[in-house]
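Down below is the structure, laid out as structure tokens.
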Amino acid sequence: MSQVSEIKLGVQSYSYRKFEFEKALKFINELGLKCVEAYSGHLPPKVEEVEKVKRVCSRYGVKVAAHGVNHIPPDKNVLNNLFEFAHSLGIEVLTADPDPDSFDILDELVDEYKIAVAIHNHGPGHRYATVESVLKAVEGHSELIGMCLDTGHLARAGEDPVEAVKKLGRRLHGIHLKDVNEEKKDVILGGGILDLKGFFEALKETGALYKAVIVIEYELEPENPQPGIKKSLDYVRSILKA
């Protein structure tokens, strides 16, 4: 695969949840990555925080490319503030768990701000556990409203992430990269049962490889996640260079 440097590859900051946000950015910089998806525990979606965050991100050469997972209520004032925060920070994707009656408001805001909303699948039992549930929810709405595909949670829901990429097409805006073992427990990327090589080939074929924000989300070893994240990243890079 060519143009590897153009892929928006990073880490979900929840992987570093036991550390301050600046320390998470330092870890990401040490991995040679330029993107982060920040979760609200590290970065509350407040416009007044933006200038401070910009300075810290500049120090480590890391862009906040995505933010979430954000609850999306049918409240225009709340959502205006969220999108203004995202716009001010240059965020491209808001990873989200939208209420079913929020989509008409989202249509207006994604069109105005040109920021994608990516519905995150949280696994079995969640209202957006499957690709079909997401596609049904977004039917008739802007293509900027789509999915953040969590490969681990999707596997736990009994679905194939490779087929999911093909079904989503242009509605795939974000990816949480995970691998799972036979018991559907999280493991280091490449150490599980998921066809991640096929997954990246599908991303390339559909055009999502260079469009979506792709982050490693490593929920194991929260006190010392960097070694596992590095091994996961090495595996991803080996696929991209193949």
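The values are calculated or read from the model by the stated rules, or taken from the named source; none is laboratory data. Fair warning: this is a prediction, and the values are worked out from it, not measured in the lab. A quick note on method: Cβ atoms are made from the backbone with ideal geometry, for glycine too, and the neighbour counts reach across all protein chains shown. These accessible areas exclude ligands, DNA and RNA; they are computed on the full protein's heavy atoms, side chains included. Shrake-Rupley method; radii C 1.70, N 1.55, O 1.52, S 1.80 Å.
Quick check on my filter: what residues within segment 49-59 are buried (at least 18 other Cβ atoms within 10 Å of the Cβ) and either among the hydroxyl-bearing types (S, T, Y) or closer than 14 Å to K26 by Cα (or both)? If the condition is that a residue be buried (at least 18 other Cβ atoms within 10 Å of the Cβ) and either among the hydroxyl-bearing types (S, T, Y) or closer than 14 Å to K26 by Cα (or both), then V53, C57 are the ones that fit. Residues being farther than 26 Å from E108 by Cβ, of a type in the set (K, R) and surrounded by fewer than 20 Cβ atoms within 10 Å (Cβ to Cβ) are entirely absent from segment 175-182. Selection of segment 120-157 for residues being part of a loop (DSSP other than H, G, I, E, B) and within 17 Å of D104 (Cα to Cα) yields E139, G140, H141, S142, E143, L144. Of the listed requirements (1) out of contact with any His (no Cβ under 8 Å at 6 or more places or on another chain); (2) under 30 Å from K230 (Cα atoms), G68 misses just one: (1).
Segment 158-242 holds no helices (runs of 4 or more DSSP H) entirely within its bounds that carry 3 or more residues that are without any contact (Cβ under 8 Å) to a residue 24 or more places away in the chain and basic (K, R).
Residues that are touching a helix residue (DSSP H, G or I) at 6+ places or on another chain (Cβ under 7 Å) and among the charged types (D, E, K, R) were ranked within segment 1-22; the one that is least open to solvent (accessible area, probe 1.4 Å) is E22.
Does segment 38-48 include one or more residues that are open to solvent by 30 Å² or more (accessible area, probe 1.4 Å) and of a type in the set (G, A, S)? Yes: one or more hits. Scanning segment 138-155 for residues that are surrounded by fewer than 17 Cβ atoms within 10 Å (Cβ to Cβ) and at negative phi gives E139, H141, E143.
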